[in-house]
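Asks: Sharing a structure below in structure tokens format, with a few things to ask.
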Amino acid sequence: MRTILILLLKDLRRDWKRPWSILIFAALPLLLSTLMAFIFGGSGGKTAAPTIHIALLDQDQDLLARAIRSMSSQGDAARQLQLHLVENEAEGLRMLEERRASAFVILPLHLTEDLLNGKTNTIGLYENPAEQVLPKVVRQGVTLLAAGLSGAADLLHEPLSEIRQLFKGSGFPAEGAVTAMASSSVEKLRGVRVYLFPPLIQFKTVKASDYRVSSTNAPEQAPKP
Amino acid sequence: MNEVFAIMFPPTMFLWVCFVGQGPLQDILAEKQAHTLSRALAAPVTPLQFLFSKFAHCLLLCTAVQAVLVLLTGFLFHVRWGAPILVTAVLVASACSITGLLGATYSLAKTKEQANALSSGVLILCGLLGGGMVPFESLPPFLQAVGQWSPNRWAVIALRGVQHARPFSELVRPVGMLLCIGLIGSAAALAAFKRRIVAPRKP
């Protein structure tokens, strides 16, 4: 054992005198990880999310389609979502071919009417095959949108129908009609208050270093190596 | 940025620390080629003692370099590595697996040059399959199955387990795998080195 220690100390003394190769190899992971963190992590502490360009053909031109279009100009969506309204299908497909959009979404004819009448309708989606991630983000978004619209149509069928009629009318809406509609909407929402206000399931972002095991992320549910 | 750093650093660290660990094992072949090994063994030093000292040097060097890097990143980038005792245990197990992997690789080569070429290939392959260069999850299933045998994979799982304060029972398997790779690799390498390089040739 003593001999091994003597030999080991001799080698360590030699490392101490000529540490350069060790220092260079030790510095490389620091350097590479720092570079990667700058590239993928941004310098301001937040990841820079790309803007998603979507070509949108609105064949419905009705209440819900207008609401969907206006969503893109609100909140975070205004920064990360860019809608390009197109006149026809050919124009939308051309945008995909020219790689000016990640996806092409078609809001079909009678979307609002069918939803309010409980009929099935289909939102069209073309994904740009030249891109990997962003079209999948759009697909997820459209799936969520479809589920959300179905849920909203089920829950708020009456008030939505009334709002639609108000918008369709040529004159200024009557005060009583607006009040009745608001009252009806509030009454409907009161029924789902415990689920929505605040939402029963919330999305929360935490730092990887702050992640702690809790009863809701039990270790046995974690992916196994 | 720190989160990205905390994710990127463990696999990168393991990969490059493997290159640090090459030095002591290169010495075995270099001393043999330079004919200084016979002089060293003429002293009251047995071949096994000589080999043990080189393997211990590799183990110590890899542990020390990883420890310095962990401390530095904690200080510079505020990376939280978890409980110091568990981190130390994982670093020692990682260094043990590096020693075993490099020992087994170097014992296959006859010259230092051969060993350098062979070990670079093995280390890069292990790094690639173990998630050191691309995210492990993005590998196709058959490569993931192969990558499960790479020490890089187990070292990253163990280190992240400590980082995320996983229960001790979850750390036993990766640390055990690292120690197994280290012990089996080192034992095989010691036997091969003793037979092929250090043992005197028969007349």
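FYI, it's all coordinate maths here, none of it is from the lab. Bear in mind that the values here come from a model prediction, so they are computed numbers and not experimental data. Virtual Cβ from ideal backbone geometry, glycine too; neighbours counted across all protein chains shown.
Asks: When A:S70, A:S185, B:S97 are ordered from fewest to most other Cβ atoms inside 10 Å of their Cβ, what list results?
Replies: The fewest-first ordering by Cβ neighbours comes to A:S70, A:S185, B:S97.
Asks: Quick check of the Kirkwood formula: for chain B, what is the inverse mean of 1/r over all pairs of different Cα atoms, in Å?
Replies: Over chain B, the inverse of the mean reciprocal pair distance is 17.6 Å.
Asks: What are the ³J(HN,Hα) values, in whole Hz, obtained from phi via the Karplus relation 6.51 cos²θ - 1.76 cosθ + 1.60 with θ = phi - 60°, for each residue of segment A:117-123 in sequence order, with x given for Gly and Pro?
Replies: Per residue, the Karplus-derived 3J(HN,Hα) values read 8, x, 9, 7, 9, 10, 8 Hz.
Asks: Per residue of B:4-15, what is the mean number of Cβ atoms on other protein chains within 10 angstrom of that residue's Cβ?
Replies: 6
Asks: Can you tell me the dipole magnitude for segment A:52-154 around its Cα centre, using point charges on the Cβ only (Lys, Arg +1; Asp, Glu -1), in Debye to the nearest 20? Could the numbers behind the result be given before it?
Replies: Details: 9 positive and 14 negative charges, 69 e Å.
It comes to approximately 320 debye.
Asks: Past 20 Å, Cα to Cα, is the threshold; run B:K32/B:K194; A:K136/A:K204; A:K10/B:K110; A:K10/B:K32 against it and keep the listed order.
Replies: A:K136/A:K204; A:K10/B:K110, as the Cα separations exceed 20 Å there.
Asks: Amide H to amide H under 5 Å from A:Q59: which residues, 5+ apart in sequence or cross-chain, H placed 1.01 Å off N in plane?
Replies: A:L107
Asks: Whole-Hz ³J(HN,Hα) for each residue in segment A:10-16, computed from phi via Karplus 6.51 cos²θ - 1.76 cosθ + 1.60 with θ = phi - 60°, x for glycine and proline: what do you get?
Replies: Values per residue, Gly and Pro as x: 4, 5, 5, 4, 5, 4, 5 Hz.
Asks: Right, something else. How crowded by other chains is B:98-106, given as the mean number of beta carbons from other chains within 10 Å of each beta carbon?
Replies: On the way: counts 0, 0, 0, 0, 0, 0, 0, 0, 0.
Rounded to a whole number, the mean comes out at 0.
Asks: Between Rg and the Kirkwood Rh of segment A:156-198, both from Cα atoms, what is the Rg to Rh ratio?
Replies: Over the Cα atoms of segment A:156-198, Rg/Rh equals 1.08.
Asks: Which trypsin sites (Lys or Arg not before Pro) in segment A:50-134 pass both tests, a DSSP loop state and at most 15 other beta-carbon atoms within 10 Å? List each step's numbers first, then the result.
Replies: Values: sites: A:R66, A:R69, A:R79, A:R94, A:R99, A:R100, A:K119; in loops: A:R99, A:R100, A:K119.
Passing both the DSSP loop test and the Cβ count: A:R99, A:R100, A:K119.
Asks: Taking just the C-alpha trace of segment B:68-188, give me its Rg and Dmax in Å.
Replies: For segment B:68-188, the Cα radius of gyration and maximum Cα-Cα distance read 15.2, 45 Å.
Asks: Whole angstrom only: what separates the Cα centroid of segment B:47-63 from the Cα centroid of segment B:74-130?
Replies: 14 Å
Asks: On the principal axes of its Cα set, how long, how wide and how thick is segment A:52-154? Give whole Å, largest value first.
Replies: 38, 29, 20 Å, listed from the longest principal axis down.
Asks: Now a separate question. Looking at the calculated P(r) for segment B:1-56, what percent of the C-alpha pair distances fall above 14 Å?
Replies: 66 percent
Asks: Can you tell me which of B:F55, B:F77, B:F142 moves the most in a GNM of chain B? Springs connect C-alpha atoms under 10 Å apart.
Replies: Greatest mean-square fluctuation among the candidates belongs to B:F142.
Asks: Inside 10 Å of the C-beta atoms of B:45-54, what's the mean count of C-beta atoms belonging to other chains?
Replies: Shielding by partners across B:45-54 averages 4.
Asks: Then there is this: Name the residue farthest towards the positive end of the dipole of the protein assembly as shown from the options A:Q61, B:A115, A:L93, assuming +1 on Cβ of Lys and Arg, -1 on Cβ of Asp and Glu, about the Cα centre.
Replies: B:A115
Asks: For the protein assembly as shown, what is the calculated [θ] at 222 nm in deg cm²/dmol (nearest 500), taking -39500 (n - 2.57) for each run of four or more DSSP H residues and dividing by its residue count?
Replies: Computed mean residue ellipticity for the protein assembly as shown: -21000 deg cm²/dmol.
Asks: In whole Å, what is the distance between the alpha-carbon centres of segment B:136-180 and segment A:63-125?
Replies: 44 Å
Asks: Per the Kirkwood definition applied to all pairs of different Cα atoms, how many angstroms is the hydrodynamic radius of the protein assembly as shown?
Replies: Details: mean 1/r = 0.0376 Å⁻¹.
It is 26.6 Å.
Asks: Taking neighbour Cβ counts within 10 Å as the exposure measure, how do A:I123, B:I98, A:I6 sort from fewest upward?
Replies: A:I6, A:I123, B:I98
Asks: Taking neighbour Cβ counts within 10 Å as the exposure measure, how do B:C180, B:C96 sort from fewest upward?
Replies: B:C180, B:C96
Asks: How are the C-alpha pair distances of segment B:1-102 spread across 10 Å bins, as whole percents from the shortest bin up?
Replies: P(r) over segment B:1-102, rounded to whole percents: 14, 39, 25, 14, 7, 1.
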